[in-house]
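*Asks:* Encoded as structure tokens, here's the structure I'll be asking about.
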Amino acid sequence: MAYKVVIDAGHGGSDPGATYGNRFEKDDALDLSFAVGNILEENGIDVEYTRVDDVYNTPFEKATMANNANADLLISIHRDSVPTPNSREGISALVFNDTGFKAQLARNINSNLEALGFRNNGVIERPNLVVLKRSKMPAVLLEVGFINNDNDNMIFDENFTDIAKAIADGIIESINIQPAMTMQVEKPKLYRVQVGAFTNMDNAIRLENTLRRLGYSTFIVSS
Ligand SMILES: [Zn+2]
């Protein structure tokens, strides 16, 4: 079964997200979501979207859509904002907690975006963000530059295709190394049955022989 990514374009409909002049976060998010999704599909990844037009759903509904789609990964695309225009710049990736696959994925995407000229503000834990908290699969929320920073908007507009590719590449690269990471994390469980401990080696060997005759494979551990 193909790997499935749900892409959530942040905000939508009655919720424009952050705005700057006549620029709306919800529009930038939707445009970039499609661009990322197209590249993922070209690479054999199943893609579903929480929205494909200008409609509003709550963050909880967006998380539920990803859960119902049985997605392997949820990527939520946003633009950042601060009260004072041009006082901050750069990209960041928000995660429920900074561990495991999602954290590595977040760093990979950040590095790719940094290479395009964005300041890298790193991976930030946001355990109370509903879309991160309520989704059952690894989830990363990308803040792709500040919408009220002129330099970030210039990078966003002039490198739009490369930004989509940076995000998609980050996802594809991370998926490809995920099996190895999973094996490191999920150690096999060991159920140990201990039947005796002896100070006399002969007694230990006698018990082992008895158990072997009964068909059990045994081993002696000395300490
Ligand atoms: Zn947002």
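The values are calculated or read from the model by the stated rules, or taken from the named source; none is laboratory data. Here the structure is a predicted model, which is why all the values come from computation and not from measurement. Please note: Cβ atoms are built from the backbone with ideal geometry, for glycine as well, and neighbour counts cover all protein chains shown. The protein model used for the area step is the full one, side chains on, heavy atoms only, and it has no ligands, DNA or RNA in it. Shrake-Rupley method; radii C 1.70, N 1.55, O 1.52, S 1.80 Å.
*Asks:* Mind checking which residues of the stretch 110-132 are more than 16 Å from the ligand (Cβ to nearest atom) and basic (Lys, Arg)?
*Replies:* Of everything in the stretch 110-132, just one residue is more than 16 Å from the ligand (Cβ to nearest atom) and basic (Lys, Arg), namely ARG119.
*Asks:* Among the residues of the stretch 99-114, which ones are closer than 15 Å to LEU142 by Cβ and open to solvent by 20 Å² or more (accessible area, probe 1.4 Å)?
*Replies:* As a first pass, look at the stretch 99-114 and keep what is closer than 15 Å to LEU142 by Cβ: 102-114.
Listed by number, the residues that qualify are LYS102, GLN104, ARG107, ASN108, SER111, ASN112, GLU114.
*Asks:* Tell me the residue from LYS133, LYS165 that is open to solvent by 90 Å² or more (accessible area, probe 1.4 Å), at pLDDT 80 or above, under 16 Å from the mean Cα position of the chain (by Cα) and of a type outside the set (Gly, Ala, Ser), please. Walk me through how you get there before you give the answer.
*Replies:* Numbers: LYS165 fails: under 16 Å from the mean Cα position of the chain (by Cα).
One residue alone meets the criteria, LYS133.
*Asks:* What's the number of the only condition in (1) buried (at least 19 other Cβ atoms within 10 Å of the Cβ); (2) farther than 19 Å from ASP28 by Cα that ASN121 fails to meet?
*Replies:* (1) is the only condition that ASN121 fails.
*Asks:* What residue, of LEU105, LEU113, is in contact with a helix residue (DSSP H, G or I) (Cβ under 6 Å, 6 or more places away or on another chain), in the same structural domain as VAL140 (by TED's automatic domain parsing), touching a residue at least 60 places away in the same chain (Cβ under 8 Å) and outside any loop (DSSP other than H, G, I, E, B)? It would help to see each step written out before you state the result.
*Replies:* On the way: LEU113 fails: touching a residue at least 60 places away in the same chain (Cβ under 8 Å).
From the options LEU105, LEU113, the qualifying one is LEU105.
*Asks:* Identify all residues within the stretch 55-80 that are touching a helix residue (DSSP H, G or I) at 6+ places or on another chain (Cβ under 7 Å) and either assigned to a loop (DSSP other than H, G, I, E, B) or open to solvent by 70 Å² or more (accessible area, probe 1.4 Å) (or both); write none if there are none.
*Replies:* Within the stretch 55-80, PHE60 is the sole residue that qualifies.
*Asks:* If you check every pair at least six apart or on different chains, which have Cβ atoms under 7 Å apart with a residue in the stretch 34-47 that is at pLDDT 95 or above first and a residue that is assigned to a helix (DSSP H, G or I) and open to solvent by 70 Å² or more (accessible area, probe 1.4 Å) second?
*Replies:* Here the result reads ALA35/THR161; ILE39/LYS165; VAL47/GLU41, each pair linking the stretch 34-47 to a residue that is assigned to a helix (DSSP H, G or I) and open to solvent by 70 Å² or more (accessible area, probe 1.4 Å).
Condition check ((1) more than 24 Å from PHE156 (Cα to Cα); (2) under 17 Å from the mean Cα position of the chain (by Cα); (3) within 16 Å of the ligand (Cβ to nearest atom)) across all residues:
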site: ALA69; (1), (2), (3): yes, yes, no
site: ILE75; (1), (2), (3): no, yes, yes
site: HIS78; (1), (2), (3): no, yes, yes
site: SER81; (1), (2), (3): no, no, yes
site: GLY90; (1), (2), (3): no, no, yes
site: PHE96; (1), (2), (3): yes, yes, no
site: THR99; (1), (2), (3): yes, yes, no
site: ASN108; (1), (2), (3): no, yes, no
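*Asks:* Tell me, which residue of the stretch 1-43 that is assigned to a loop (DSSP other than H, G, I, E, B), over 14 Å from ASP72 (Cα atoms) and open to solvent by less than 70 Å² (accessible area, probe 1.4 Å) is farthest from the ligand (Cβ to nearest atom)? Reasoning before the result, please.
*Replies:* The initial filter retains those residues of the stretch 1-43 that are assigned to a loop (DSSP other than H, G, I, E, B), namely 1-3, 10-11, 13-14, 16-18, 21-22, 43.
Next, only the ones that are over 14 Å from ASP72 (Cα atoms) stay: 10-11, 13-14, 16-18, 21-22, 43.
Next, only the ones that are open to solvent by less than 70 Å² (accessible area, probe 1.4 Å) stay: 10-11, 13, 16-18.
Numbers: GLY10: 4, HIS11: 6, GLY13: 14, PRO16: 10, GLY17: 4, ALA18: 6 Å.
Here the answer is GLY13.
*Asks:* Can you name every residue in the stretch 137-162 that is assigned to a helix (DSSP H, G or I) and open to solvent by less than 40 Å² (accessible area, probe 1.4 Å)? Lay out the reasoning, then the answer.
*Replies:* At the first step, the residues of the stretch 137-162 found to be assigned to a helix (DSSP H, G or I) are 150-158, 160-162.
Answer for the stretch 137-162, where residues must be assigned to a helix (DSSP H, G or I) and open to solvent by less than 40 Å² (accessible area, probe 1.4 Å): ASP152, ASN153, ILE155, PHE156.
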